[in-house]
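Novice: One structure is given below, represented as structure tokens, and several questions about it will come after.
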Amino acid sequence: MAIAQNPRAARNVSQIPAGIGVAVGWAVMIGVAMVAAVLLPPEEVHGRAVLMAVAAGAFAALVTDPKVIVAVTALGAATFVGFLANQYGDLTLGDGAWSNAVVIVVGAVLGAGCRYVSTFPERRTTGGQKGDERAK
């Protein structure tokens, strides 16, 4: 896992082992789940999902290893379903909690997409600069 301090310099960042990245990411997701459980009542499942999605997106925007992003997102979604939606650690399929977990995946995809777009090389123009007489 590589954490990009500057998204444009993501190629020059030292690699952190993927296992460490997944452990750190899951710890972050568990921390956000605990904050969501304290701040929002159990009836606010959608609000809890949005908080988890913001955390997954922020993590995905900082991490460059796609395997780590996928693993942390999956573990975050399972944490949401088991402890925030069902509240007793049950990963059941029938109650619709997984449909709320899709928001977490969307957040991670948006975060990874923002990081990917921010690493595009800057566009360079060869002529027609503002104030150039030939461009008029």
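Novice: Here's a check for you: in the stretch 88-122, which residue that is touching a residue at least 12 places away in the same chain (Cβ under 8 Å) and polar (S, T, N, Q) is nearest to Met34 (Cα to Cα)?
Specialist: Asn100
Novice: Among the candidates Arg134, Arg48, Arg124, single out the residue that is in a helix (DSSP H, G or I), modelled with pLDDT under 90, farther than 17 Å from Gly21 by Cα and not hydrophobic (A, V, I, L, M, F, W, C).
Specialist: Result of the check over Arg134, Arg48, Arg124: Arg134.
To keep it simple, each residue is scored yes or no on (1) open to solvent by 50 Å² or more (accessible area, probe 1.4 Å); (2) over 19 Å from Val117 (Cβ atoms).
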position: Val28; (1), (2): yes, yes
position: Val32; (1), (2): no, yes
position: Pro41; (1), (2): yes, yes
position: Glu44; (1), (2): yes, yes
position: Val50; (1), (2): yes, yes
position: Ala53; (1), (2): no, no
position: Ala56; (1), (2): no, no
position: Lys67; (1), (2): yes, yes
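Novice: Anything in the stretch 73-114 that is among the polar types (S, T, N, Q), open to solvent by 30 Å² or more (accessible area, probe 1.4 Å) and not in a helix (DSSP H, G or I)? List them, or say none.
Specialist: The answer is Gln87, Thr92.
Novice: Additional query: Only one residue in Gly57, Gly47 is within 18 Å of Val102 (Cα to Cα), of a type outside the set (D, E, K, R) and in contact (Cβ under 8 Å) with a residue 40 or more places away in the chain. Which one?
Specialist: Only one candidate qualifies: Gly57.
The values are calculated or read from the model by the stated rules, or taken from the named source; none is laboratory data. On a predicted model such as this, the values are computed, not experimentally measured, just so you know. Don't worry about glycine lacking a Cβ; one is built from the backbone with ideal geometry, like all the others, and counts go over all protein chains shown. Each accessible area value is taken on the protein alone, full model and side chains, heavy atoms only, with ligands, DNA and RNA left out. Shrake-Rupley method; radii C 1.70, N 1.55, O 1.52, S 1.80 Å.
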